[in-house]
Structure formats: structure tokens, C-alpha cells
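Heads up: the structure comes next, in C-alpha cells.
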Amino acid sequence: MRGQLEAGEVSFWLNGQPASARAGQTVLQAAKAQGVSIHCACYRDGLGGDASCRVCLVEIAGEPRLAPACHRTPTEGMAVHTDSEKVQRVRRTVLQFLDAEAVGPIDPLTEFGRLLPKKDPAEISEGTSVPDDSHPAIIVDRDACILCGRCVRACRDVQCNDVIGIGYRGTETRIIFDTDTTLGDSSCVGCGECVQACPTHALRDRSAEENRGAERAVETVCPYCGVGCQLRYEVRDGRIVAATGLNGPSNQRRLCVKGRYGFDYVHHPHRRTQPLIRREDVPK
Ligand code: SF4
Ligand code: SF4
Ligand code: FES
């Protein structure tokens, strides 16, 4: 195995199988490259993680504690187990804690909701706070927030807007906008990066309900400026209901407010849908 490695690459064992990792790759990234997926909540490709959720814990032979796969890099000969009995047991507990972090129910169709075991309807708690619907495009439902911090990094590190923070302490801890105002009154520019990053739909598009029944997805290039951001439109009944940034060379999943939410012009009745011929007898 060693002879086939590139410079800086290390060989290690992944669930008993030989594996390799490029220089700087984490266990999570190396495992994904070999087709082994590891659950995570605070990490997302392109956004990184802050190792706060512990959902991605893996067992490393000879180490007494489990390690977060999103932050640990493999070393030569390391033996990693992503699904041992111990890992499964701890992951179940971690998911329970994170689920309990959300005051209200988490939509089972969301990225994080899909990791949770099915619940008895009697076990599902009602939320306690009123969603913040002050923003024209985004609803904030703090009851569904697990404080993973992805929205903070999306707004600050990816879009450099720095609108979102984690405020207060203990049971009062919650995401806040600027100095704790509503999202609508904050300095938010409506790029929607936080919505795209949120694994629980605590931050969601106003059109999310319409988006639920999307019939097909169309991958295309944003028609506005010349940057050429790649995106995917969700379509229902022949109408665009949502846009998601794709990993294109110029946008790397980001979109601005126009690409994210400015698609309603497509359906405007004045929009030209076929070429016109200029006639001499008709004034311009
Ligand atoms: S929409 Fe963009 S600017 Fe507004 S809070 Fe979310 S990431 Fe920040
Ligand atoms: S709003 Fe969503 S992305 Fe932000 S901390 Fe809560 S769960 Fe995470
Ligand atoms: S995904 Fe690794 S600690 Fe959250």
C-alpha cells in the first residue's frame, strides 16, 4: 500500500480496511473519499466545523477517548472505527442531547432530523417561542435550533457579513442578530447563506413550505451578473420555489440576495418569452 501513496499521503485503517489520506485531510474527509460516510451536525463541506456537536466521534485504536472525525487527521498506521458498538452508543446519546437542545420539534426531513430516531407523536414537544418573521425572505424559528454554529460561520466566514452570533448563557443561549435585534431590523443583506447552512430549518426560507413539494430540480447558472454562480432551482407546478447554491468554481455554494431570492421575475407577466421582430411601422 505504501508504494502507491503520493507525497504527504498517509496510510491508515478504516473499519478494518486499508485506507489513505492526503496531507491535511481529516478522518471525515478521508473516509468520505473512500465511500464511508460519517454523520455530522456542526461540520459541512465548504464551511468547516468547530468540533462542537460531537456527532462525528470515531474510535481510534489505543486511545481511551473517542475523537471528532471532522478535526482529527489520520496518522500512519492509525486504526479508525466509525461504527463500533461504542461509537454507536455514544452517538445515540450525543444526538439525544442535541435534540433536547431544540425546544420544539425538529422536522424529520431536515439534514439533522434524518439522523434522529423516529419518535412517538406523544414524545414530540411543542415549541415555546414565536418565530421571528420580521425578514422579507427568512423565518427564524429558534425552537428548532441546536446551536450548531453553522449559521454563524456561514454569515461571518463565508459571506463576511458577521450578522449572527451566539448570545447569552446557559439555558438562555441562543443565536442573535447584531446586538440582539430581529433579523428584519438587523444588518442582514439577505444572502440566505445561513439558511443554506442550517441543518434543522431553524432558519428557513419563507418559501420553504412551497419548496416541500418540489417536483424537480434544475441545475443552471444564475442569470443576473457575469460572475456565473451555479445554482439549483426547485420547481413545482412549473414555478421556481427555491434556489440553492452549487459548488461552482466562481461561487463555491454561495449566492447573493438576487440569485437566492430574486427568481420571481421569471414568472412576471411582462417578461418576454420569445424574440420580437422590429417593424418599421411600429414606434419604438
Ligand atoms: S441572510 Fe446572509 S447576511 Fe443575513 S444573517 Fe443570513 S448569512 Fe447573514
Ligand atoms: S440556527 Fe441552524 S445553523 Fe444556526 S445554530 Fe441553530 S441549528 Fe445551527
Ligand atoms: S461534525 Fe464533528 S464535532 Fe460536529
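The values are calculated or read from the model by the stated rules, or taken from the named source; none is laboratory data. Keep in mind the model is a prediction, meaning the values are calculated, not measured. Cβ sites come from the backbone with ideal geometry, for glycine too, and all protein chains shown count toward neighbours. For accessibility, only protein heavy atoms count, side chains too; no ligands or nucleic acids. Shrake-Rupley method; radii C 1.70, N 1.55, O 1.52, S 1.80 Å.
General remarks:
- Candidates Gln17, Gln34 - the one that is more than 16 Å from ligand 2 (Cβ to nearest atom), surrounded by fewer than 18 Cβ atoms within 10 Å (Cβ to Cβ) and more than 30 Å from Ser250 (Cα to Cα): Gln17
- Just one residue in the set Arg114, Arg153 is at pLDDT 95 or above and within 20 Å of Arg44 (Cα to Cα); that residue is Arg153.
- Qualifying residue in segment 48-57 (condition: in the same structural domain as Ala7 (by TED's automatic domain parsing) and under 26 Å from Ala243 (Cβ atoms)): yes
- One residue stands out among those in segment 163-172 that are open to solvent by 50 Å² or more (accessible area, probe 1.4 Å) and modelled with pLDDT of 95 or more: the one that is farthest from ligand 2 (Cβ to nearest atom), which is Tyr168.
- Within segment 69-92, the set of residues being touching a helix residue (DSSP H, G or I) at 6+ places or on another chain (Cβ under 9 Å) and open to solvent by less than 20 Å² (accessible area, probe 1.4 Å) comprises Ala69, Cys70, Pro74, Met78, Val80, Thr82.
- Against the test of being modelled with pLDDT under 95 and crowded, with 18+ Cβ neighbours inside 10 Å, the options Asp50, Asp45, Asp99 yield a single qualifying residue, Asp99.
- In segment 152-162 there is no residue matching the filter, namely being more than 8 Å from ligand 1 (Cβ to nearest atom), among the polar types (S, T, N, Q) and open to solvent by 20 Å² or more (accessible area, probe 1.4 Å).
- Of the candidates Gly245, Gly226, Gly262, Gly238, the single residue that is more than 21 Å from Asp157 (Cα to Cα) and touching a residue at least 12 places away in the same chain (Cβ under 8 Å) is Gly262.
- Selection from segment 148-172 of residues that are within 16 Å of ligand 3 (Cβ to nearest atom) and outside any loop (DSSP other than H, G, I, E, B): Arg150, Cys151, Val152, Arg153, Ala154, Asp157, Ile166
- Flag for Gly127 being more than 13 Å from Leu203 (Cβ to Cβ) and modelled with pLDDT of 90 or more: no
- Exclusive hit being farther than 29 Å from Asn251 by Cβ and touching a residue at least 40 places away in the same chain (Cβ under 8 Å), set Asp143, Asp157: Asp143
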